[in-house]
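One structure below.
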Amino acid sequence: MQGWLPFWPRTAAVSGEVVNALYIAELGICVLIVLTVVGLMLRFCLVYRRGSSASRANLVAKTWQWEISWTVATLVLFLFAFVWGAVVYIWLYDPPSGELQIYVVGKQWMWKMEHPGGQREIDALHVPVNTTVRLVLASQDVIHSFFVPAFRIKRDVVPGTLETIWFKATKAGTYRIECTQLCGVQHANMTGEVTVMEPAAFGRWLKQQGVHESLAQQGEAVFREHGCSGCHSTASTVHAPLMNGLYGSLVHLQDGSSRVADERYLRDCILLPRTFTVAGYPPVMPDFSGQLSEDDLVKLIAYIKSLAK
Ligand code: HEC
Ligand SMILES: [Cu+2]
């Protein structure tokens, strides 16, 4: 695409190609409609201008065939655009579990990335090429929006919850990360760079970071330090659920409803324990809101996830 349209933005991910196709198709439909309407207008302006000798007899009466066919044709056209857009939207915003999971914490004014191996980066993200990467995004303060134009992915990061998005980069290189939600005076500087590397180079990069504790291991330490293990362990005298096998399972709640234990659920359990209780347990889980940073939460969640199998 860039070959014959130099101003076309770079495309370096599967989602980029998919969004390009949709964008070009919608642009094509719009151009077609504009040309038809403006073309007819100009034609009538010229042909029937004052003083022209065009015949004004034989006025065509309105016919139902015409009315119905153009209405149905545009309806079908727009429904087609809608269905296509909806399918792409759902595909993009319902991430697969991914071969690599990275946590992203947005704060005024930087992006902090945490790899499962415990490596951290500020305003930079290293990933291997041709790998499905799932991002779990959190905000420490205000609403930010994580945007990688070359991948055509964008996700608002709302404080108080977790968002997910995914991508599969197809070309090695470096690509801009931007915040697209006005988030304070330094908003314009809240940028970064994704570096897409060959898998071998990525493996070397991970090693060079000199990290010895994985995110889950760091989470285990937080789990102990904040007394979670005092209740959530086999040795505990409190009747509390064990974390083993929790992630990804279906949890039945006291009120009869159930929820899948994804990252968002785990986060709610820790910060909003009073809003729901796991069926069969006493509602004694303490409220940890205000006591744990987004970083600690990310570690705790990584730890609980590591106990999934
Ligand atoms: C005083 C004991 C106690 C402490 C300390 C405690 N919890 Fe809990 N927790 C419970 C109990 C009891 C439940 C089940 C009832 C409920 O949901 O409120 C629970 C539920 C949970 C659940 C939902 C489990 C499920 O099966 O769905 C998670 C996740 C959780 N706790 C994580 C933590 C984390 C992380 C910490 C430390 C930051 C922690 N808990 C500290 C007692 C505790
Ligand atoms: Cu921001």
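Among the residues examined, Leu266 qualifies as within 9 Å of ligand 1 (Cβ to nearest atom) and modelled with pLDDT of 90 or more.
Restricting attention to the range 259-290, the residues being under 15 Å from Gly219 (Cβ atoms) and part of a loop (DSSP other than H, G, I, E, B) number 1.
For the range 227-252, the candidate set comprises residues that are open to solvent by 50 Å² or more (accessible area, probe 1.4 Å) and among the hydroxyl-bearing types (Ser, Thr, Tyr); within that set, the residue that is farthest from ligand 1 (Cβ to nearest atom) is Thr234. Here Leu266 fits the description: more than 16 Å from ligand 2 (Cβ to nearest atom), without any contact (Cβ under 8 Å) to a residue 60 or more places away in the chain and open to solvent by less than 60 Å² (accessible area, probe 1.4 Å). Screening the candidates Ser233, Ser229 for the property of being part of a helix (DSSP H, G or I), among the polar types (S, T, N, Q) and within 19 Å of Leu300 (Cα to Cα) yields one hit, Ser229.
Candidates in the range 269-291 are the residues that are touching a Lys or Arg at 6+ places or on another chain (Cβ under 9 Å) and at pLDDT 85 or above; of these, the one that is farthest from Arg224 (Cα to Cα) is Pro283.
Do you know which residues across the range 128-142 are outside any strand (DSSP E or B) and within 12 Å of Trp166 (Cβ to Cβ)? Thr131 - this is the single residue of the range 128-142 that is outside any strand (DSSP E or B) and within 12 Å of Trp166 (Cβ to Cβ).
If you check Val251, Val298 for being modelled with pLDDT of 85 or more, assigned to a strand (DSSP E or B) and among the aliphatic types (A, V, I, L, M), only one passes: Val251. Mind checking whether some residue in the range 1-12 is modelled with pLDDT of 90 or more and either hydrophobic (A, V, I, L, M, F, W, C) or more than 25 Å from the chain's Cα centre (by Cα) (or both)? So far as the range 1-12 goes, yes, one or more of its residues are modelled with pLDDT of 90 or more and either hydrophobic (A, V, I, L, M, F, W, C) or more than 25 Å from the chain's Cα centre (by Cα) (or both). Scanning the range 207-226 for residues that are open to solvent by 50 Å² or more (accessible area, probe 1.4 Å) and in a helix (DSSP H, G or I) gives Lys207, Gln208, Gln217, Glu220, Arg224, Glu225.
Within the range 269-284, restricting attention to residues that are hydrophobic (A, V, I, L, M, F, W, C), open to solvent by less than 60 Å² (accessible area, probe 1.4 Å) and under 28 Å from Ile102 (Cβ atoms), which residue is nearest to ligand 2 (Cβ to nearest atom)? My answer is Leu271. Of everything listed in (1) within 14 Å of Met190 (Cα to Cα); (2) at pLDDT 95 or above, the single unmet condition for Trp84 is (1).
Taking residues in the range 105-116 that are without any contact (Cβ under 8 Å) to a residue 40 or more places away in the chain, and partners anywhere that are among the β-branched types (Val, Ile, Thr) and within 12 Å of ligand 2 (Cβ to nearest atom), the pairs with Cβ atoms closer than 9 Å and at least 6 places apart or on different chains are Met113/Val104; Met113/Val105.
Being at pLDDT 90 or above and open to solvent by less than 40 Å² (accessible area, probe 1.4 Å): is that true of Ala188 here? When the stated conditions are applied, Ala188 does not pass them.
The values are calculated or read from the model by the stated rules, or taken from the named source; none is laboratory data. The structure presented is a predicted model; accordingly, all values stated were derived computationally and were not measured. Don't worry about glycine lacking a Cβ; one is built from the backbone with ideal geometry, like all the others, and counts go over all protein chains shown. These area figures cover heavy atoms from the full protein model, side chains too; ligands, DNA and RNA do not enter into them. Shrake-Rupley method; radii C 1.70, N 1.55, O 1.52, S 1.80 Å.
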